Amino acid sequence: MNTYEGMFIFSDTLKEEELKAVVERTMAVIEKHGGSVLGTKILGRRNFARPMGKREAGVYVRAVFNLDAQKMTPLQASYKLNEEVFRLQVTCGDSKSLEFVADVLTEESEKKAAEEAPAAV
């Protein structure tokens with residue numbers, strides 16, 4: 001399995017709960033194709049340099065995942081048919097991708113620890 005890094009762009013009209021659900025469904029497609037998602041991070045709303053498809057902005061999500069090389073073409077084809085994914089760019093992962101995954105996992109564990117800690121009185 002190879003490591004890949006994907007930059008997904010979703011509609012900027014999605015609310016936070018809707019966006020999380022769309023991201024989960026999008027990552028489930030990777031798992032459906034036999035891959036595994038190592039980490040995802042919502043980077044937020046960004047304006048485009050020029051309008052694309054009559055849209056001025058989008059919500060960017062970065063994901064690092066493992067997948068067999070033969071399954072990359074069918075995966076990208078399924079995202080082209082998916083109306084929830086506005087744009088997608090996939091590159092081969094490198095050491096910075098793995099550092100990103102480590103940072104995301106650290107942030108998630110810190111967030112869980114803060115939620116589980118008793119409130120100070």
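Details
- Scanning segment 66-91 for residues that are touching an Asp or Glu at 6+ places or on another chain (Cβ under 8 Å) and either without any contact (Cβ under 8 Å) to a residue 24 or more places away in the chain or surrounded by 13 or more Cβ atoms within 10 Å (Cβ to Cβ) (or both) yields one hit, 90.
- Near pairs, Cβ below 7 angstrom, 6+ apart or cross-chain, from segment 1-24 (farther than 21 Å from residue 80 by Cβ and touching a residue at least 40 places away in the same chain (Cβ under 8 Å)) to any residue that is in a strand (DSSP E or B) and among the hydrophobic types (A, V, I, L, M, F, W, C): 1/67; 3/64
- Residue within segment 103-119 that is surrounded by 12 or more Cβ atoms within 10 Å (Cβ to Cβ) and touching a strand residue (DSSP E or B) at 6+ places or on another chain (Cβ under 6 Å) present: yes
- Residues being within 22 Å of residue 76 (Cα to Cα) and loosely packed, with under 15 Cβ neighbours inside 10 Å - total across segment 1-28: 8
- Filter result (charged (D, E, K, R) and over 12 Å from residue 9 (Cβ atoms)) within segment 57-78: 68, 71
- Taking the criterion of being out of contact with any strand residue (DSSP E or B) (no Cβ under 6 Å at 6 or more places or on another chain) and touching a residue at least 12 places away in the same chain (Cβ under 8 Å), the residues of segment 31-55 that qualify are 33, 34, 44, 52, 53, 55.
- Taking the conditions (1) modelled with pLDDT under 90; (2) touching a helix residue (DSSP H, G or I) at 6+ places or on another chain (Cβ under 8 Å) in turn, residue 116 satisfies each one other than (2).
- Screening the candidates 81, 38 for the property of being over 11 Å from the mean Cα position of the chain (by Cα) and not β-branched (Val, Ile, Thr) yields one hit, 81.
The values are calculated or read from the model by the stated rules, or taken from the named source; none is laboratory data. Owing to the predicted nature of the structure, the values given are computational and were not obtained by experimental measurement. As a convention, Cβ positions derive from the backbone with ideal geometry for all residues, glycine included, and neighbour counts pool all protein chains shown.
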